[in-house]
Amino acid sequence: MSTSLWMIATLAVYFFVLLGIAHWVSGRKHQTSNAAFYRASQRAPWAMVAFGMIAGSISGVSFVSVPAWVGGIGMSYLQMCMGFIVGYIVVAMVLLPLYYRLQLTSIYGYLSHRFGDRTRKTGAGFFLLSKLAGATARLYVATLVLHTFISAPLGISFVVTAAVTLLLIWLYTFRAGQASLLYTDALQTLMLILAVVGTLWAVMQQMGLDWHSAWKLIDESPMSRVWVWDASSKQAFWRQFLSGIFIVIVMTGLDQDMMQKNLTCRTLRDAQKDMCVYGLSFLPINALLLGLGVLLYHFCAVQHIALPAKSDELLPMLVSSGALGNLVVLPFTIGIVAAAFSAADGAITALTTSFCIDILNREHDVRLRRMVHATVVVVCFACLLLFRIVDSPNVINTIYVMASYTYGPLLGLFAFGLYTRWEIRDRFVPIVVIAAPIVTALLDHYAPIWWGYTFGYELLMLNGGLTALGLFALRRFKK
């Protein structure tokens, strides 16, 4: 059977399983209410939430981009993954208690409680922009691979591929939302982990390696370098480690999508266990992906295979060309199909939640929620087409750079709210949170000229600090 037919069969089976899960969940009592859509009626087992969240974070971007990243920066990405672990502990111990104490459905309700409704809408607006861009970037990678393997050989355009992918996601999320995602995300995490291990095993078989010889090859490769101590490098340890902490705080702790999943747990203690267990999973999974990348680059060197112009195309190119053999097709297919759905289903649900609650103030209107949900799907489709035009060579790097600009204001807002006792002039907040990213971009551009310093992902901390400084200028003491 050809590669395209394998992928079509896998996609069909996978979709019907997801749809069957969604139908079963929505057929249960009260599982189509807004309480189920937003928080799964707050009855989710913490272990299932933790396992399911892995798919939402790892997704197709990591499956395709992280192995490709080895060629440029080695395994230094693990330094950031170590920072991730600390970041998850901070989220579990600082932010989750706040959200549960205030009994929030949307976490940006805290901004309304602390500062005012205008600040809440401003913070939610930055989340909507951030999540829309980040989720679309993740979905784009998976959709592009599906298009390359299935649609293009059949003469189907990328536009149709993107539309069908989003339609399938809408079908299994529009009724039960988080209540459905509780089960579908767990399935997708299982598929992604099996896909990573299966792809690694298939590559080793093609190269004639066992686990011991593969480990030795990776360990001896110059691309296996983890530690970077040169302070001027973007991959310097403390720059990567600190960036990892703050990236998790903003992209998980201040992100409605990731926190909405945690808020489905029955108690705060359950949510904290979920967050810590989930955070510990990042290091071993990313280590496997980076090891896979070392093997792929070594394979290309030995076989004299020319590397693609865009690093993200490395694994898809080797699979589609048949260079890695037929064994790799099934795990690769499963991973990409799972990623195509897990990248967007939770994001679309969270975008719908935030828009209904934070922007429209209509938490209990089921009909409006379904209309917004459909509109979000259409907007995601338009963004996918925009990413097709931009076509960044390394999407995971693009996501982190975007996060530095779009999540920075959220970091400043929450930090100022949590660690000061000042009130602010609420009506001027939009000016501050728009000015901070602009100033950040200017400093990023001129820093190499003025000081000989090139910013990395620490732009996020700079952006958050500038936001907090602007809020300080708006302060007023409580009466």
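The values are calculated or read from the model by the stated rules, or taken from the named source; none is laboratory data. This structure is a prediction, so every number in the text was calculated from the model and none was measured. When we count neighbours, we look across all protein chains shown, and the Cβ atoms used for this are built from the backbone with ideal geometry, even at glycine. Please note that ligands, DNA and RNA were not included when accessible areas were found on the heavy atoms of the full protein model with its side chains. Shrake-Rupley method; radii C 1.70, N 1.55, O 1.52, S 1.80 Å.
Which one of these is touching a Gly at 6+ places or on another chain (Cβ under 6 Å) and under 18 Å from Leu129 (Cβ atoms): Thr467, Thr440? After ruling out the rest, the residue left standing is Thr467. Restricting Leu263, Leu290 to those that are over 26 Å from Ala124 (Cα atoms) and under 23 Å from the mean Cα position of the chain (by Cα) reduces the list to Leu290. Looking at region 288-297, is at least one residue more than 22 Å from Tyr100 (Cα to Cα), open to solvent by 30 Å² or more (accessible area, probe 1.4 Å) and at pLDDT 90 or above? Yes, region 288-297 contains a residue that is more than 22 Å from Tyr100 (Cα to Cα), open to solvent by 30 Å² or more (accessible area, probe 1.4 Å) and at pLDDT 90 or above. Looking across region 189-225, just one residue is within 23 Å of the chain's Cα centre (by Cα), surrounded by fewer than 19 Cβ atoms within 10 Å (Cβ to Cβ) and either free of Cβ contacts under 8 Å to residues at least 40 places away in the same chain or farther than 23 Å from Leu318 by Cα (or both), and that is Leu190. In region 232-270, the residue that is nearest to Ala135 (Cα to Cα) out of those that are open to solvent by 60 Å² or more (accessible area, probe 1.4 Å) and polar (S, T, N, Q) is Thr267.
When region 99-123 is filtered for residues that are within 15 Å of Ile431 (Cα to Cα) and in contact with a Ser or Thr (Cβ under 6 Å, 6 or more places away or on another chain), only Arg120 remains.
Look through Ala186, Ala179 and report the one residue that is small (Gly, Ala, Ser), under 27 Å from Ala135 (Cα atoms) and open to solvent by 10 Å² or more (accessible area, probe 1.4 Å). After ruling out the rest, the residue left standing is Ala186.
Thr173 - would you say it is of a type in the set (Val, Ile, Thr), touching an Asp or Glu at 6+ places or on another chain (Cβ under 8 Å) and closer than 30 Å to Leu330 by Cα? Yes.
With respect to the conditions (1) more than 24 Å from Gly52 (Cβ to Cβ); (2) of a type outside the set (S, T, N, Q); (3) open to solvent by 40 Å² or more (accessible area, probe 1.4 Å), Gly325 falls short on a single one, namely (3). Every test in (1) part of a helix (DSSP H, G or I); (2) modelled with pLDDT under 80 is passed by His30 save one, and that test is (1). Is one or more of the residues making up region 452-472 at pLDDT 90 or above, open to solvent by 60 Å² or more (accessible area, probe 1.4 Å), farther than 27 Å from Tyr77 by Cα and not β-branched (Val, Ile, Thr)? Yes: one or more hits.
Among the conditions (1) open to solvent by 30 Å² or more (accessible area, probe 1.4 Å); (2) at pLDDT below 90, Val94 misses just one, which is (2).
Filtering region 303-312 to residues that are surrounded by fewer than 19 Cβ atoms within 10 Å (Cβ to Cβ) and in contact (Cβ under 8 Å) with a residue 24 or more places away in the chain leaves Leu307, Ala309, Lys310. Among the residues of region 121-133, is there at least one that is under 23 Å from Ile357 (Cα atoms) and polar (S, T, N, Q)? Yes, there is a match, as at least one residue in region 121-133 is under 23 Å from Ile357 (Cα atoms) and polar (S, T, N, Q).
Looking only at region 386-399, decide whether some residue is modelled with pLDDT of 90 or more and not hydroxyl-bearing (Ser, Thr, Tyr). No: region 386-399 contains no residue that is modelled with pLDDT of 90 or more and not hydroxyl-bearing (Ser, Thr, Tyr).
Residues that are among the hydroxyl-bearing types (Ser, Thr, Tyr) and closer than 24 Å to Asn262 by Cβ within region 60-117 comprise Ser62, Tyr88, Tyr99, Tyr100, Thr105, Ser106, Tyr108, Tyr110, Ser112, listed in sequence order. Taking the stated definitions as given, is Trp229 surrounded by fewer than 24 Cβ atoms within 10 Å (Cβ to Cβ), at pLDDT 85 or above, of a type in the set (Phe, Trp, Tyr) and more than 30 Å from Leu418 (Cβ to Cβ)? Considered against the rule, which asks whether it is surrounded by fewer than 24 Cβ atoms within 10 Å (Cβ to Cβ), at pLDDT 85 or above, of a type in the set (Phe, Trp, Tyr) and more than 30 Å from Leu418 (Cβ to Cβ), Trp229 comes out as yes. Looking across Gly208, Gly244, one residue alone is on the phi > 0 side of the Ramachandran plot and out of contact with any strand residue (DSSP E or B) (no Cβ under 6 Å at 6 or more places or on another chain). It is Gly208.
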